[in-house]
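K.L.:
The structure under discussion is supplied below as structure tokens; questions concerning it will follow.
The values are calculated or read from the model by the stated rules, or taken from the named source; none is laboratory data. Bear in mind that the values here come from a model prediction, so they are computed numbers and not experimental data. All Cβ positions, glycine included, derive from the backbone under ideal geometry; neighbour counts span all protein chains shown.
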Amino acid sequence: MITVEINDAEVQAALNGVAAALSDGTAMMNEIGMFLVKQTKDRFPEQVSPDGAAWAPRSAVTLARYKKQGKPFGGILHLSGQMARSIFHDYDQNSVRIGSPEPYAAVQQFGAAQGAFGAFMGKDKKGRDHFHHLPWGNIPARPFLGLSEDDREGILAIISETLAAALES
């Protein structure tokens with residue numbers, strides 16, 4: 001075995017900086033999280049999933065219901081804009097998570113079959129018995145979370161920049 005000992009203060013400082021950057025990635029994870037939130041929100045106007053596939057269109061039944069209720073016909077997953085506004089990130093020194101606290105976020109991400117959550121029974125506004133499935137129809141998956149190729153490249157660039165900055169300090 002060969003051992004090489006380096007007694008150079010500048011090299012040692014650079015190695016110490018890289019070691020510090022690798023031991024606590026909190027700042028880097030926060031930057032990655034902010035980047036992914038922006039990327040995710042930017043896909044909403046395009047109405048595409050991370051892999052570039054277009055989201056399933058609204059059904060004729062949904063459009064008719066919106067018209068009857070006087071709701072706007074904004075973009076898919078953008079009736080009120082709350083879903084996109086709710087995208088957030090959380091991070092620690094080793095990981096980052098992005099998501100939405102909205103109760104319907106998982107249904108939009110993965111889809112749901114009619115009745116998957118049971119049914120609603122009660123009285124309508126006129127006092128008549130009322131029953132409908134939850135959800136009232138099949139909802140196709142419209143993935144909005146995940147990594148695109150651009151996201152992967154962006155994350156790798158952030159990691160490279162973090163390491164380069166550690167070498168410079």
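K.L.:
Take Lys68 and decide whether it is among the basic types (Lys, Arg), part of a loop (DSSP other than H, G, I, E, B) and either touching a Ser or Thr at 6+ places or on another chain (Cβ under 9 Å) or at pLDDT below 90 (or both). Break it down stepwise before answering.
P.N.:
Values: among the basic types (Lys, Arg): yes; part of a loop (DSSP other than H, G, I, E, B): no; either touching a Ser or Thr at 6+ places or on another chain (Cβ under 9 Å) or at pLDDT below 90 (or both): yes.
Considered against the rule, which asks whether it is among the basic types (Lys, Arg), part of a loop (DSSP other than H, G, I, E, B) and either touching a Ser or Thr at 6+ places or on another chain (Cβ under 9 Å) or at pLDDT below 90 (or both), Lys68 comes out as no.
K.L.:
In the range 43-62, how many are surrounded by 12 or more Cβ atoms within 10 Å (Cβ to Cβ) and assigned to a helix (DSSP H, G or I)?
P.N.:
3
K.L.:
Report yes if some residue within the range 150-160 is aliphatic (A, V, I, L, M), in a helix (DSSP H, G or I) and exposed (fewer than 13 other Cβ atoms within 10 Å of the Cβ); otherwise report no.
P.N.:
Checked against the condition, which is being aliphatic (A, V, I, L, M), in a helix (DSSP H, G or I) and exposed (fewer than 13 other Cβ atoms within 10 Å of the Cβ), the range 150-160 yields at least one hit.
K.L.:
Then there is this: Could you give me the residue pairs with C-beta distances under 7 Å whose first residue belongs to the range 42-66 and is on the phi > 0 side of the Ramachandran plot, whose second residue is buried (at least 17 other Cβ atoms within 10 Å of the Cβ) and among the aromatic types (Phe, Trp, Tyr) wherever it lies, and which are 6+ apart or on separate chains?
P.N.:
The qualifying pairs are Gln47/Trp55.
K.L.:
Report, ordered by the first and then the second residue, all pairs with beta carbons closer than 9 Å, sequence separation of six or more or different chains, a first member in the range 19-30 that is surrounded by 16 or more Cβ atoms within 10 Å (Cβ to Cβ), and a second member that is among the charged types (D, E, K, R) and not in a helix (DSSP H, G or I).
P.N.:
Gly25/Asp92; Met29/Asp92
K.L.:
Would you please name the residue that is modelled with the lowest pLDDT, looking only at residues in the range 71-96 that are among the charged types (D, E, K, R) and not in a loop (DSSP other than H, G, I, E, B)? It would help to see each step written out before you state the result.
P.N.:
At the first step, the residues of the range 71-96 found to be among the charged types (D, E, K, R) are 71, 85, 90, 92.
Cutting the leftovers down to not in a loop (DSSP other than H, G, I, E, B) gives us 85, 90.
Values: Arg85: 90, Asp90: 94.
Filtering the range 71-96 for residues that are among the charged types (D, E, K, R) and not in a loop (DSSP other than H, G, I, E, B), the one modelled with the lowest pLDDT comes out as Arg85.
K.L.:
Pull up the range 89-117, narrow it to residues that are in contact (Cβ under 8 Å) with a residue 60 or more places away in the chain and not β-branched (Val, Ile, Thr), then point me to the one that is surrounded by the most Cβ atoms within 10 Å (Cβ to Cβ). Before the answer, list the steps.
P.N.:
Restricting attention to the range 89-117, the residues satisfying the condition of being in contact (Cβ under 8 Å) with a residue 60 or more places away in the chain are 91-98.
Now drop any that are not not β-branched (Val, Ile, Thr), which leaves 91-95, 97.
On the way: Tyr91: 19, Asp92: 12, Gln93: 12, Asn94: 10, Ser95: 11, Arg97: 13.
The qualifying residue surrounded by the most Cβ atoms within 10 Å (Cβ to Cβ) is Tyr91.
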